[in-house]
Amino acid sequence: MTHGDPNIDGAPQGGELVILGGGGHAAVIAEIAARAGWRVVGTAAAAGSTLGDPEGDGEPAVRALVAQGARLHAAVGSAEVRERWHARYGAGLFAAVVDPSALVSPSARVAAGASIGAGAIVQARAVVGEGAIVNTRAVVEHDCILEPFAHAAPASVLCGSVRVGRGAQVSAGAVVNPARSVGARSTVGAGAVVVRDVPEGAVVVGVPARPI
C-alpha cells in the first residue's frame with residue numbers, strides 16, 4: 001500500500017513534506033515519512049525546529065514551502081492542536097503518512113493528514129478520518145470508523161464495526177469490543193476493555209472499562 005493508492009488521500013509517493021510538531025511523535029513521523037519515500041524539507045514547532053512556530057514566526061516559511069508544492073503533516077499527539085492546524089492551513093494541504101510495514105486493506109480509506117504507524121493493520125472497509133492516528137501495531141478491524149483527529153494508540157485493538165468519535169483516544173493496549181462506540185473527545189485508558197458504548201467526553205478505565 002503506497003501513498004499513490006486512491007484510498008490514501010491521493011498524495012503521490014515521494015513528495016516533499018513539512019512536519020508540524022517537534023516532539024516524540026514528530027520524530028516518529030519523520031522516520032515513517034522517510035521510509036515511505038517522502039522528503040522532509042522542514043519542521044515547524046514552537047521550539048527546536050527548522051522553521052519556527054507554525055502559528056507564529058514560522059508560518060510564512062511553512063506557507064512558502066507549500067506554495068512550492070510541499071505537503072503538510074500535523075505530527076503532534078494533541079487532537080486539539082492537530083485540528084487547529086488543519087483549520088489554520090486547510091485540510092487539502094495535509095498528506096497522510098503510512099509506514100510501508102503497515103497492512104492497509106485496498107477497501108479501507110485513509111483521509112488527508114492521517115498517519116498509520118509501523119506494523120499497524122487497517123482491515124476491510126475501515127475508515128481512518130482526517131488527521132487521525134493509527135499508531136504502532138494498532139489494529140483497526142473491518143468496518144471500523146476513526147472520526148477526524150481520533151487516535152488508536154500503540155497496540156490498541158478496535159474489533160469489527162467500532163466507531164471512535166472525533167478527537168477521542170483509545171490508549172495503548174486497550175481493546176474495544178465489536179460494534180461499540182467511543183464518544184467524541186473521550187479517552188479509553190491503557191489496557192482497558194470496552195464492552196459498552198463510551199459517552200462523549202468520558203474517561204473510562206479497567207476491565208471491563210468503567211467511567212472515572
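Readers should treat all values here as calculations from the given coordinates under stated rules, not as data from a laboratory. From a predicted model like this one, the values you see are computed outputs, not experimental measurements. Here the Cβ is made from the backbone with ideal geometry for all residues, glycine too, and neighbour counts use every protein chain on show.
Structure data summary
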| read-out | value |
| --- | --- |
| Residue satisfying all of: in the stretch 156-178; of a type in the set (Gly, Ala, Ser) and out of contact with any strand residue (DSSP E or B) (no Cβ under 9 Å at 6 or more places or on another chain); nearest to residue 78 (Cα to Cα) among these | 172 |
| Residue in the stretch 45-52 that is in contact with a His (Cβ under 7 Å, 6 or more places away or on another chain) and buried (at least 16 other Cβ atoms within 10 Å of the Cβ) present | no |
| Residue list for the stretch 191-212, restricted to those being acidic (Asp, Glu) and within 21 Å of the chain's Cα centre (by Cα) | 200 |
| Residue count for the stretch 90-115, restricted to those that are touching a helix residue (DSSP H, G or I) at 6+ places or on another chain (Cβ under 8 Å) and surrounded by 20 or more Cβ atoms within 10 Å (Cβ to Cβ) | 7 |
| Cross-chain or 6+ apart pairs with Cβ under 6 Å, the stretch 112-127 first and touching a residue at least 40 places away in the same chain (Cβ under 8 Å), then surrounded by fewer than 18 Cβ atoms within 10 Å (Cβ to Cβ) | 112/91; 118/101 |
| Matching entry among 34, 30, 46 (being in a loop (DSSP other than H, G, I, E, B) and under 25 Å from residue 117 (Cα atoms)) | 46 |
